[in-house]
Every structure is written in structure tokens, then in C-alpha cells.
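No value in this document is a laboratory result; all are computed from the given coordinates. Worth saying up front: this structure is predicted, and the values here are computed from it rather than measured. A quick note on method: Cβ atoms are made from the backbone with ideal geometry, for glycine too, and the neighbour counts reach across all protein chains shown.
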């Protein structure tokens, strides 16, 4: 219960989630997920533009959250809850009820989270860690881009 309260205090808004992902993914400056060069923020938006290849991208580009309209708060909560389930994780119906989303959206999230390719020993280790440490590890793994 304390973990859940602390989670909601830590990620109270969508902006808090975005700020956290930015600090995790880009400790210094935004980096283009396509070419790996430094990028800059476009004025008053959470969109970035690469100075080299001129492509626009967001914090979600090239990550688990790419092309998803589901809020980062719900994604974070799903990742937070993942280690709490035994073996195969929650069903899409359980996740949908917990996050107050449709079953189809929950299925999409579970499919994406399955792409994290966690080894069995990692799943066991995550279940023994505190919820926030496990969340940090899952988020780190989910936002590390694969250069195209």
C-alpha cells in the first residue's frame, strides 16, 4: 500500500512522467534515436528536432511507448504492477480493470511489455526488489532506444 501511495506521489502528472523519462534517457542533452546526434527542443512543445537529420521525435520515439496514445502514467502503473504478478503476469482483463482502460488497450500494453524480453532470472529478481527499484529497471530497459 505504501508503495502504491509513493508511486502516485512520484508520478502525479503526465509531465512528471515525461520529465522522469527525459532524465533517464538523456542525462545531458536530447539525442536523436535515428542518427544518434544531438537534438534541440521545439518551442513550447515536448517535441525535439535533430540538428543533423532534421527528423522530429518525442520522448516516446523508439521506446516501448512509441505510437501509443495511452498515457505514460498508465504505462508506468502497468510496469509498476508487473513484478507483483506471478509467472506469466496479469491477463489483459485484469490489467484493463486495474488501469481503467479497454481490454484491447491492455492487450496491446501486455504485448509491448512482452517485447522487453526479460529472462526468467530477471523476472525473479524484479519480484524480490522494492517496487520502485523494479520500476526504474523496467523503465530503463523500455526507453533505451535502438538506433535505426
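For residue 116 and residue 41, a Förster radius of 22 Å and the Cβ-Cβ distance give a FRET efficiency of 0.20, rounded to the nearest 0.05. Between the beta carbons of residue 56 and residue 23, assuming R0 = 22 Å, the FRET efficiency works out to 0.60 to the nearest 0.05.
Starting from 0.36 nm per residue, how many nanometres of slack lie between residue 70 and residue 94 once their C-alpha separation is accounted for?
Result: 7.0 nm gained on full extension.
Given a Förster distance of 25 angstrom, what is the FRET efficiency for residue 85 paired with residue 9, based on the Cβ-Cβ distance and rounded to 0.05? Intermediate results must be reported in sequence, preceding the final value.
Numbers: r = 23 Å, r/R0 = 0.92.
Rounded to the nearest 0.05, the efficiency is 0.60.
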